[in-house]
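Reading through the structure tokens given below for one structure.
The values are calculated or read from the model by the stated rules, or taken from the named source; none is laboratory data. This one's a predicted model, so the numbers in the text were calculated from it and none came from an experiment. Please note: Cβ atoms are built from the backbone with ideal geometry, for glycine as well, and neighbour counts cover all protein chains shown. Protein only, heavy atoms only, side chains kept; ligands, DNA and RNA dropped before computing areas. Shrake-Rupley method; radii C 1.70, N 1.55, O 1.52, S 1.80 Å.
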Amino acid sequence: MSAFDDYLTAVRELDTMRRNQAETEQQRAGQAATLGEQANAIDAQVADQRNAITALAAEAKTTVELKGPIVTPGQDPRSELAAASADLERSHQTLAQARWLAHRPPALPAWRVDERNGLIYGLWAVVAIVAQLIVLRTSGTPDGIWQVVTLSAWLVGLPLAAFAAGWLSIGVVSRPRLGEPEKLQRNPRLGLVICASTLVVACGLFW
């Protein structure tokens with residue numbers, strides 16, 4: 001092989017190396033542009049979320065301290081973007097949960113309406129039972145019609161008073177932190193059953 005042929009071979013190899021290098025740089029540039037677009041999209045979502053958190057805190061009349069991200073140099077950009085996307089998704093879910101809780105009653109927000117109302121009626125029913133036992137123990141055995149009427153009025157009136165107190169308490173406890181409450185569900189039948197049963201319980205404990 002002549003020296004000219006060796007020269008042509010070397011030129012072809014050099015040209016191939018340069019083309020490969022150019023393709024590699026082009027691929028890197030495309031990957032960098034893609035990563036940059038992803039980073040910009042995450043930044044925009046983070047900004048929107050910060051504004052949403054600030055607005056929710058202002059509506060709730062509280063303050064929040066929003067800290068900036070902690071940047072650790074030398075990490076793999078792809079893994080960092082994947083971790084940032086996962087953190088952003090979790091924060092979206094947390095924000096949605098916070099917004100849902102803010103429009104729920106402060107007391108036992110995750111409970112169902114009938115469960116919370118049953119507890120409220122039950123607490124007033126306990127008060128009624130204690131009051132009925134006190135009335136039964138202090139009144140003694142009635143020996144006249146008026147004493148019978150008075151005792152009966154107390155025993156019947158205390159459960160009704162407990163029901164009324166539970167009804168009013170639900171109107172206070174069931175008001176959400178934010179927004180106007182919807183039509184309150186007071187479960188009157190449930191309240192009447194719970195409060196009326198105090199008469200049976202009190203008489204059973206007394207006798």
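Residues in the stretch 110-130 that are farther than 29 Å from Gly157 by Cα and open to solvent by less than 70 Å² (accessible area, probe 1.4 Å): there are none. Of the residues making up the stretch 95-109, just one is open to solvent by 70 Å² or more (accessible area, probe 1.4 Å) and in contact with a helix residue (DSSP H, G or I) (Cβ under 8 Å, 6 or more places away or on another chain), namely Arg99. For the stretch 172-196, a residue qualifies if it is modelled with pLDDT under 90 and either of a type in the set (Lys, Arg) or under 16 Å from Gly118 (Cβ atoms) (or both), and the qualifying residues are Val173, Ser174, Arg175, Arg177, Lys183, Leu184, Gln185, Arg186. Within the option set Arg90, Arg78, Arg112, Arg137, being of a type in the set (Lys, Arg) and over 40 Å from the mean Cα position of the chain (by Cα) holds for one residue only, Arg137.
Comparison of Gly157, Gly140, Gly118 shows that the only residue that is at pLDDT below 80 and among the small types (Gly, Ala, Ser) is Gly140. Considering the stretch 152-179 alone, what residues qualify as being open to solvent by less than 50 Å² (accessible area, probe 1.4 Å), more than 28 Å from Gly204 (Cα to Cα) and part of a helix (DSSP H, G or I)? Within the stretch 152-179, Ile170, Gly171, Val173 meet the criteria. For the stretch 63-85, the count of residues that are touching a helix residue (DSSP H, G or I) at 6+ places or on another chain (Cβ under 7 Å), closer than 30 Å to Trp167 by Cα and either among the hydrophobic types (A, V, I, L, M, F, W, C) or modelled with pLDDT under 75 (or both) is zero.
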